[in-house]
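Trainee: Once you've had a glance at the structure underneath, I'll fire off some questions.
The values are calculated or read from the model by the stated rules, or taken from the named source; none is laboratory data. It should be emphasised that the depicted structure is a prediction, and the values quoted were computed from it without experimental measurement. In this analysis, Cβ positions are derived from the backbone assuming ideal geometry, glycine residues included, and neighbour counts consider all displayed protein chains.
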Amino acid sequence: MPQAPQGKLVGEPPTIYDGDRKKTTLFINEWELYWAVNNDNALMINPYRRAMFFLTYIKGSQVNEWVMAINRWLAQQIQGGINTADERLWNEVAASFTRHFADSLAKENAQSILQAGVKMKGEDIDAYIVKIEELIRLAEYRFDVPQMIKTFMDGLPTGLYQKVLELDRPATYEQWKQAAINRQQDYIHMKAQLKAHRRGIPTPRQRGWMPRQMMPDPNAMDT
């Protein structure tokens with residue numbers, strides 16, 4: 001496993017990627033988590049150094065040729081006068097990795113699921129958003145296009161969809177997502193309040209027969 005300078009980086013480094021396309025998404029996720037927790041580190045801030053560091057986690061017979069080609073390309077860019085702080089260096093490397101090692105079956109499967117439709121289960125809006133956004137990313141679709149906005153809308157429960165449309169009138173994907181989160185939170189809060197309110201109201205005494213000893217004696221004389 002590649003060793004970074006001691007004390008410089010934190011968190012769990014990504015597992016070495018050997019070209020197995022079934023593990024591409026997992027590797028990307030591990031790398032992005034590692035990058036995120038070290039985003040203020042000089043190694044990660046500089047696009048050229050970040051790209052070179054990224055390459056150290058990609059090893060094996062299925063990937064060595066690609067790594068060497070990218071290494072040569074990066075060297076050519078720097079020798080040609082491109083600044084190491086130019087973010088395009090990293091963007092090109094990341095895009096090339098995705099093109100070469102993306103799991104095509106995962107992409108096709110995600111596209112198929114989205115086409116069939118994804119429905120929110122129960123009251124968990126967060127789980128619905130996580131699932132649909134993961135599918136959109138795997139399918140390599142854009143979020144803020146009419147078809148994806150419609151897919152998100154169609155997956156919401158009818159009541160939630162109507163409430164968002166009536167009160168918020170969102171237009172973009174982000175607006176729809178945030179409005180759905182807010183309205184669902186309002187609903188869950190109101191439901192909890194009503195439940196607590198009902199629990200606090202004493203049960204009314206039922207009218208009906210009275211025990212015999214409690215009934216007034218009609219023959220009793222006033223004293």
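Trainee: Which numbered condition in (1) touching a Gly at 6+ places or on another chain (Cβ under 6 Å); (2) not assigned by TED's automatic domain parsing to the domain that holds K191 is the only one that K119 fails?
Mentor: Of the numbered conditions (1) touching a Gly at 6+ places or on another chain (Cβ under 6 Å); (2) not assigned by TED's automatic domain parsing to the domain that holds K191, the odd one out for K119 is (2).
Trainee: Within region 42-77, how many residues are outside any helix (DSSP H, G or I) and under 25 Å from the mean Cα position of the chain (by Cα)? Write out each step before concluding.
Mentor: Here is the first cut: in region 42-77, the ones outside any helix (DSSP H, G or I) are 46, 56-63.
From what's left, under 25 Å from the mean Cα position of the chain (by Cα): 57.
Qualifying residue count for the region: 1.
Trainee: Quick one: which of A36, A85 is at pLDDT 95 or above, among the small types (G, A, S) and either within 25 Å of the chain's Cα centre (by Cα) or not in a loop (DSSP other than H, G, I, E, B) (or both)? Even if it seems obvious, please write down each step before you answer.
Mentor: Details: A85 fails: either within 25 Å of the chain's Cα centre (by Cα) or not in a loop (DSSP other than H, G, I, E, B) (or both).
Exactly one residue qualifies, and that residue is A36.
Trainee: Something else: If the Cβ limit is 8 Å and pairs must be 6+ apart or interchain, which residue in region 160-185 that is in the same structural domain as R142 (by TED's automatic domain parsing) pairs with which residue that is acidic (D, E) and modelled with pLDDT under 95?
Mentor: Here the result reads T172/D144; Y173/D144; E174/D144; I181/D126; Q184/E123, each pair linking region 160-185 to a residue that is acidic (D, E) and modelled with pLDDT under 95.
Trainee: Here's a check for you: in region 65-91, which residue that is in contact with a helix residue (DSSP H, G or I) (Cβ under 8 Å, 6 or more places away or on another chain) and acidic (D, E) is nearest to I28 (Cα to Cα)?
Mentor: Only one residue tops the list, namely E87.
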